Amino acid sequence: MKLLVPIKRVVDYNVKIRVKADGSGVELANVKMSMNPFDEISVEEALRLKEAGKASEVVVVSIGPAKAEETLRTALAMGADRAVLVETDDAVEPLAVAKILKGVAEAEQPSLIIVGKQAIDDDSNQTGQMLSALLGWAQATFASKVEIGEGSAQVTREVDGGLQTIDVKLPAVVTTDLRLNEPRYASLPNIMKAKKKPLDKKTPSDFGVDMSPRLKVLKTEEPSGRKAGVKVKSVAELVDKLKNEAGVL
């Protein structure tokens, strides 16, 4: 069984985001970039399934600029078998990503696609669901546990009311949540080996996908600072402030 894992190059989660002076977006120059945390979890889950004998090959794919090659090599150093880079300098939106991944899936014929539920840069949480619809495959979102059976997968999902366990027929698309696993660190020898591994490079035009933006960012701004708290001496004073100052009662 082959597993396909899309990964995205984003601003490292430890970096404090700075908004550009003109409000056109966030500052990316001289900023540390890394693999999207939810995608790290996806790669880790695919590797664990392979180590458990449930899969024979793990293929990772990234859509973005040439520098996304570094992110793919991180996945190779973790243990992925092959990497595909769909190179584009255009802004990447969820629908275009899903269409490209559909083309990659049709070429690779995986039994399971494991997608991070969202990217921490745009928080769209759309690609996995769109990809499932385009392929006509079953889907299971927000997975906190994945077990592979004979021609099916049992997925435990995190929902508002707690946990829900569902069975989906393969091929399927699964999106990962934070509590699915703890990603491994790539060892130095594996990092050195990954630098020499060849990448399969493509472009969006190879899949007939138009990268023209469908969304328009009007303005980007930082959230307002949090106001200091106020101590009250009694419940009556609290109710008074909530009613007369905050206006919530």
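Points worth noting:
- Residues in the stretch 70-79 that are surrounded by fewer than 22 Cβ atoms within 10 Å (Cβ to Cβ) and within 9 Å of R9 (Cβ to Cβ): E70 only.
- Per-region count, the stretch 157-176, residues surrounded by 14 or more Cβ atoms within 10 Å (Cβ to Cβ), among the β-branched types (V, I, T) and more than 8 Å from A140 (Cβ to Cβ): 1
- Which listed residue, of S124, S132, S62, is part of a helix (DSSP H, G or I) and of a type in the set (S, T, N, Q): S132
- Screening the candidates V239, V230 for the property of being more than 22 Å from the chain's Cα centre (by Cα), farther than 30 Å from L47 by Cα and surrounded by 10 or more Cβ atoms within 10 Å (Cβ to Cβ) yields one hit, V239.
- Annotation: of all residues in the stretch 29-39 being touching a strand residue (DSSP E or B) at 6+ places or on another chain (Cβ under 6 Å) and either modelled with pLDDT of 95 or more or in a strand (DSSP E or B) (or both), the one that is surrounded by the fewest Cβ atoms within 10 Å (Cβ to Cβ) is M33.
- Conditions (1) surrounded by fewer than 23 Cβ atoms within 10 Å (Cβ to Cβ); (2) under 16 Å from the mean Cα position of the chain (by Cα); number of the one not met by S42: (1)
- Wholly within the stretch 147-208, strands (runs of 3 or more DSSP E) carrying at least 3 residues that are more than 14 Å from L76 (Cβ to Cβ), in contact with a strand residue (DSSP E or B) (Cβ under 6 Å, 6 or more places away or on another chain) and not charged (D, E, K, R): 152-159, 162-169, 172-176
- Selection count where residues are among the polar types (S, T, N, Q) and surrounded by 16 or more Cβ atoms within 10 Å (Cβ to Cβ), scope the stretch 177-189: 1
- Among the residues of the stretch 182-222, none is identified as at positive phi and polar (S, T, N, Q).
- Within the stretch 197-220, tally of residues that are touching a Gly at 6+ places or on another chain (Cβ under 8 Å), more than 20 Å from V84 (Cβ to Cβ) and surrounded by fewer than 13 Cβ atoms within 10 Å (Cβ to Cβ): 2
- In the stretch 106-156, the residue that is surrounded by the fewest Cβ atoms within 10 Å (Cβ to Cβ) out of those that are among the charged types (D, E, K, R) and more than 18 Å from L215 (Cβ to Cβ) is E150.
- Condition met for A55 (out of contact with any strand residue (DSSP E or B) (no Cβ under 9 Å at 6 or more places or on another chain), in contact (Cβ under 8 Å) with a residue 12 or more places away in the chain, crowded, with 20+ Cβ neighbours inside 10 Å and over 28 Å from E221 (Cα atoms)): no
- When A83, A98, A77, A46 are checked against the criterion of being outside any loop (DSSP other than H, G, I, E, B) and free of Cβ contacts under 8 Å to residues at least 40 places away in the same chain, A98 stands alone in meeting it.
The values are calculated or read from the model by the stated rules, or taken from the named source; none is laboratory data. Computed from a predicted structure; not experimentally measured. FYI the Cβ positions are ideal-geometry reconstructions off the backbone, even for glycines, and counts take in every protein chain you see.
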